[in-house]
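The values are calculated or read from the model by the stated rules, or taken from the named source; none is laboratory data. Every value quoted in this text rests on a predicted model; they were computed, and no experiment measured them. Methodologically, a virtual Cβ is constructed for each residue, glycine included, from the backbone with ideal geometry; neighbour enumeration extends over all protein chains shown.
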């Protein structure tokens, strides 16, 4: 069916890196169009469940697969400096030969924010951060030098 694609989303992991690698290669070898991971620092139910960081996973997926498009569903803009995230995105996209997809979100899991020292703002404030983050990241990925002075995001050159 034209326009229809199939993929696999890997949310809570509770598994090993070797098992994840097998899943990524299976998806790549068996006609899946895309694969996504989520941007959480630990599972919803427990911080004791094995759980891997999204940027590092995407770099590994880039190196373990050949044709599969992949990305993060979605990066919470509050969790990373956007300049550093842009550098990671460009690097991973080069590693993969241009197969990386990007999704951004406002974040929602308050205990995770608290555990990692991020302020958990109101929904409106997080959505405002998301809007600024989209503007800033788009510029970081398309312009040579970016200065951005927003309420939530500040970048210089």
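Of everything in region 22-45 that's in a loop (DSSP other than H, G, I, E, B) and touching a strand residue (DSSP E or B) at 6+ places or on another chain (Cβ under 6 Å), which residue is surrounded by the fewest Cβ atoms within 10 Å (Cβ to Cβ)? Please lay out each step first, then the result.
At the first step, the residues of region 22-45 found to be in a loop (DSSP other than H, G, I, E, B) are 30-33, 38-45.
Okay, now just the ones that are also touching a strand residue (DSSP E or B) at 6+ places or on another chain (Cβ under 6 Å), so 32-33, 39.
Numbers: 32: 20, 33: 14, 39: 22.
Of everything passing the filter in region 22-45, 33 is surrounded by the fewest Cβ atoms within 10 Å (Cβ to Cβ).
Looking at 57, 137, can you tell me which residue is more than 28 Å from residue 20 (Cα to Cα), touching a residue at least 24 places away in the same chain (Cβ under 8 Å), assigned to a helix (DSSP H, G or I) and in contact with a strand residue (DSSP E or B) (Cβ under 8 Å, 6 or more places away or on another chain)?
Working: 57 fails: more than 28 Å from residue 20 (Cα to Cα).
Criteria check complete, one pass: 137.
Got at least one residue in region 90-110 being in contact with a strand residue (DSSP E or B) (Cβ under 8 Å, 6 or more places away or on another chain), touching a residue at least 40 places away in the same chain (Cβ under 8 Å) and not in a strand (DSSP E or B)?
Yes, region 90-110 contains at least one residue that is in contact with a strand residue (DSSP E or B) (Cβ under 8 Å, 6 or more places away or on another chain), touching a residue at least 40 places away in the same chain (Cβ under 8 Å) and not in a strand (DSSP E or B).
Here's a check for you: in region 140-157, which residue that is assigned to a loop (DSSP other than H, G, I, E, B) and in contact with a strand residue (DSSP E or B) (Cβ under 9 Å, 6 or more places away or on another chain) is surrounded by the most Cβ atoms within 10 Å (Cβ to Cβ)? Write out each step before concluding.
Taking region 140-157 as the starting set, the residues that turn out to be assigned to a loop (DSSP other than H, G, I, E, B) are 143-147, 150-153, 156-157.
Imposing the further condition that a residue be in contact with a strand residue (DSSP E or B) (Cβ under 9 Å, 6 or more places away or on another chain) reduces the set to 146-147, 156.
Details: 146: 18, 147: 10, 156: 9.
By that ranking, first place goes to 146.
Does region 46-81 hold any residues that are surrounded by fewer than 18 Cβ atoms within 10 Å (Cβ to Cβ), within 13 Å of residue 36 (Cβ to Cβ) and at pLDDT 95 or above, and which are they?
Selection gives 69 alone.
If you scan region 122-134, which residues turn out to be in a helix (DSSP H, G or I) and over 14 Å from the mean Cα position of the chain (by Cα)? Give the steps one after another, and end with the answer.
Restricting attention to region 122-134, the residues satisfying the condition of being in a helix (DSSP H, G or I) are 123-134.
Once the filter is applied, which keeps residues that are in a helix (DSSP H, G or I) and over 14 Å from the mean Cα position of the chain (by Cα), region 122-134 yields 123, 124, 125, 126, 127, 128, 129, 131, 132.
For region 111-121, give me the residue count where each residue is assigned to a loop (DSSP other than H, G, I, E, B), touching a residue at least 60 places away in the same chain (Cβ under 8 Å) and surrounded by 12 or more Cβ atoms within 10 Å (Cβ to Cβ).
If we filter region 111-121 for residues that are assigned to a loop (DSSP other than H, G, I, E, B), which is where we start, we get 116-121.
Those left that are additionally touching a residue at least 60 places away in the same chain (Cβ under 8 Å): 116.
Then drop every residue that is not surrounded by 12 or more Cβ atoms within 10 Å (Cβ to Cβ), which leaves none.
Residues that pass the stated criteria total 0.
What number goes with the only condition from (1) in a helix (DSSP H, G or I); (2) surrounded by 17 or more Cβ atoms within 10 Å (Cβ to Cβ); (3) out of contact with any strand residue (DSSP E or B) (no Cβ under 9 Å at 6 or more places or on another chain) that residue 19 does not pass?
(2)
Checking residue 84 against (1) free of Cβ contacts under 8 Å to residues at least 40 places away in the same chain; (2) closer than 22 Å to residue 136 by Cα; (3) under 13 Å from the mean Cα position of the chain (by Cα); (4) buried (at least 16 other Cβ atoms within 10 Å of the Cβ), which single condition isn't satisfied?
The one condition residue 84 does not meet is (4).
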